[in-house]
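In what follows, a structure is listed as structure tokens, so that the remarks can point back to it.
The values are calculated or read from the model by the stated rules, or taken from the named source; none is laboratory data. Bear in mind the structure is a predicted one, so any value in this text is a computation, not a measurement. With ideal geometry, Cβ positions are generated from the backbone for all residues, glycine too; neighbour counts draw on all protein chains shown. Ligands, DNA and RNA are excluded from the accessible area calculation, which covers all protein heavy atoms including side chains. Shrake-Rupley method; radii C 1.70, N 1.55, O 1.52, S 1.80 Å.
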Amino acid sequence: MARRKSVSVYEQANTASVNDVKRYRVGAYLRLSKEDSLTGTSASIDNQGKIIETFLGINPIEFELVETYVDDGLTGVTDDRAGFQRMIDDCTARRINCIIVKDGSRFARNYADCEYYVEEFFKIHNVRFICLDNPRVDSVKDPSSVSGMQFHFTNYFNEYFVKQTSEKILQTFADKRKRGEFIGAFAPFGYKKDPGNKNRLIIDEEAAVIVKKIFDLYVNEGRSMRQVCMELTGIGIPSLLQYQRANGQNIVPGNIPKEYTWNYNSIRKILKDERYCGHMIQGKSARISYKNKRHVAKPEEEWDVVYNTHEPIIEEELFQKAQMLLGRTTRVSPVGERSKYSGFLFCAKCGYALSCKRSNRSTKARGYVCKYYLMTRKCEALHTTEATLDERILYAIRSQVVLLSELEQVYNKILSVDKSVDNSKLLQTSLEKLQKHLQKLEVKSHRLYDSYDEGIISKELYASRAGALSEETESVNAKIDAVKKEARQSKQVKQNTTNYLNLFKKHENIHEVDRELLVALVDKILIENINDVPRLSNKSTKKVTVVFNFQDEYTALFRFINENKLVDF
């Protein structure tokens, strides 16, 4: 008869305890943000993994590691993290029922997220949560540790730390922007970061040639943005995205098609970028908060603009011409080219643009008709030819040049005498008076407080007089700001007037109207029928009104002459 093996009472108890232990399927979560990496190796991914691995090695019966979830270089402010979300999905699918992290800041730096997952989500899905340090938390062995004051306080501190770090980084960026230092991840097309100073832009000669060609085609050759795209693609110039990707700028992650053509948005983006004039424009948008990555546009007056920070690729005059053309509605004519008058002609009666029509198919001569009339027949059957326009526009420009030459003579005579009104001196005198007044108010304010502090006047009387002084001080400061603003504008009047006159003088010997001439001098051209004027044929007489650019400069010049018309010269 076989002898039965005897089992001691101790062995029986030990076997029973092993079988009764609940075995948890563990998901280890590791995270490191860019900010955390600055603090040293104590928070590194490898270090977190080793700490969790050591804990699991001490408790091999209770825990089985199923998956390790890693988010490297991602902030814990939101739960929008690939590894984190995969872990949560596995909790829902019951693939894991225990989560272990090194400390609470690795799990989340958002107080609300941390509280939701630990207090609600994990309890609903029967998931055990273990935090090995700072503070030590175990939702099964020590349920009170999850709801304890130390855990809640640590969560608050983790979020506060991110807030403070974010504010410091944003302030650093703001200071750099105000100094005109470039802080973008990638340099604008046409430039590259200086190898010796990543906050400074230098010209990328190869890309700069493409930028210059785009401006030349659009402004000087009168091409539409669609035509510019087609020409660049047609001659095999790499697209904006292709060029950037080839030079290591992974702006748009993912696969890039082998044949990537130029598009409208890329051309428009380049044409509107003032940085090509050598100016640094940054801070056009801002994040909603340190918790939200979404950006919102900022008003233009809040942008950070610093002039002449780097070498320009495009001249200021050419850039401004491009901006003027971008604000116009232009069409490609039936003969396949954009008319030189495209975007300039408008019906004086209804305000609609004039459409270009081919007057004679054999000669390809162009004519222009009111677009609103073509669509509704509610305006006049306005029609004019390009030859008529050339004649009228040429006469108008020559007349303007003659007028401005006469005004320039008067302007120069006024400047040559000492009796002319010197607006800058008047403004400086006014500013000095206001600043002296402000100093007197500050002295009064100090004396008033001393009187109150010494018990000479009552609290009520002090409050009343202090309020009146404060209002007067605000009023004086507002006047000082207004005078300073006018002084800055006054300084520019002479230079703007000189530039304005020189621009028209460049065209005093013109013999024909071309696109470049119109872009430089003309704002818009208004066409209307004059039916009450006697005429020899059935055709209505056309009135052509040319509205020139630089109306503000023209008004300033006229005002200056009128203010000094009594000066004896």
field: Candidate set: segment 365-379, residues that are at negative phi and part of a loop (DSSP other than H, G, I, E, B); chosen: the one most open to solvent (accessible area, probe 1.4 Å)
entry: 378
- line: Within segment 189-205, residues being charged (D, E, K, R) and in contact with a His (Cβ under 8 Å, 6 or more places away or on another chain) number 1
field: Pair list, Cβ < 6 Å and 6+ apart or interchain, from segment 345-359 residues that are farther than 14 Å from residue 388 by Cα and modelled with pLDDT under 85 to residues that are of a type in the set (Val, Ile, Thr) and in a loop (DSSP other than H, G, I, E, B)
entry: 353/329
task: Return the residue satisfying two criteria in turn: it lies in segment 50-65 and is open to solvent by less than 50 Å² (accessible area, probe 1.4 Å) and either at pLDDT 90 or above or among the hydrophobic types (A, V, I, L, M, F, W, C) (or both), and of such residues it is farthest from residue 22 (Cα to Cα).
output: 52
query: Does segment 79-96 include one or more residues that are more than 42 Å from the chain's Cα centre (by Cα), surrounded by 13 or more Cβ atoms within 10 Å (Cβ to Cβ) and not in a strand (DSSP E or B)?
result: yes
task: Restricting attention to segment 218-232, report how many residues are surrounded by 17 or more Cβ atoms within 10 Å (Cβ to Cβ) and farther than 23 Å from residue 317 by Cβ.
output: 2
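Let's see how each residue does on (1) modelled with pLDDT of 90 or more; (2) in contact with a His (Cβ under 7 Å, 6 or more places away or on another chain); (3) open to solvent by less than 60 Å² (accessible area, probe 1.4 Å):
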position: 207; (1), (2), (3): yes, no, yes
position: 213; (1), (2), (3): yes, no, no
position: 234; (1), (2), (3): no, no, no
position: 244; (1), (2), (3): no, no, yes
message: Just checking, does segment 547-564 include any residue being modelled with pLDDT of 65 or more, assigned to a loop (DSSP other than H, G, I, E, B), touching an Asp or Glu at 6+ places or on another chain (Cβ under 9 Å) and open to solvent by less than 50 Å² (accessible area, probe 1.4 Å)?
response: yes
- request: Kindly indicate whether any position in segment 116-131 is under 18 Å from residue 51 (Cβ atoms) and either open to solvent by 50 Å² or more (accessible area, probe 1.4 Å) or touching a helix residue (DSSP H, G or I) at 6+ places or on another chain (Cβ under 6 Å) (or both).
  value: yes
query: Taking segment 380-406, which residues are within 42 Å of the chain's Cα centre (by Cα) and open to solvent by less than 20 Å² (accessible area, probe 1.4 Å)?
result: 389, 393, 397, 401, 404
query: Would segment 166-173 turn up any residue that is touching a residue at least 12 places away in the same chain (Cβ under 8 Å), open to solvent by less than 40 Å² (accessible area, probe 1.4 Å) and touching a strand residue (DSSP E or B) at 6+ places or on another chain (Cβ under 8 Å)?
result: no
statement: Reported set for segment 187-205 where residues are open to solvent by less than 40 Å² (accessible area, probe 1.4 Å), assigned to a strand (DSSP E or B) and not charged (D, E, K, R) is 191, 199, 201, 203
query: Between a first residue in segment 510-525 that is assigned to a strand (DSSP E or B) and a second residue that is open to solvent by 70 Å² or more (accessible area, probe 1.4 Å) and of a type in the set (S, T, N, Q), which pairs have beta carbons less than 9 Å apart while being 6 or more apart in sequence or on different chains?
result: 523/551
message: Which of the numbered conditions does residue 464 fail, given that it passes all the others? Conditions: (1) of a type outside the set (A, V, I, L, M); (2) modelled with pLDDT of 80 or more; (3) under 30 Å from residue 346 (Cα atoms).
response: (3)
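Conditions tested, residue by residue: (1) in contact with a Phe, Trp or Tyr (Cβ under 8 Å, 6 or more places away or on another chain); (2) of a type in the set (Gly, Ala, Ser); (3) over 20 Å from residue 159 (Cα atoms).
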site	(1), (2), (3)
64	yes, no, yes
72	no, no, no
104	yes, yes, no
108	yes, yes, no
119	no, no, no
137	yes, no, no
message: Return the pair list, or none, for Cβ contacts closer than 8 Å from residues in segment 451-478 that are under 19 Å from residue 436 (Cβ atoms) to residues that are open to solvent by 80 Å² or more (accessible area, probe 1.4 Å), at least 6 apart or on different chains.
response: 469/444; 473/442
Evaluation of residue 150 against (1) closer than 22 Å to residue 54 by Cα; (2) of a type outside the set (D, E, K, R); (3) open to solvent by 20 Å² or more (accessible area, probe 1.4 Å); (4) over 42 Å from the mean Cα position of the chain (by Cα) (one fails), failing number: (1)
query: Taking residue 513, is it within 28 Å of residue 221 (Cβ to Cβ), touching a Leu at 6+ places or on another chain (Cβ under 6 Å) and at pLDDT 80 or above?
result: yes
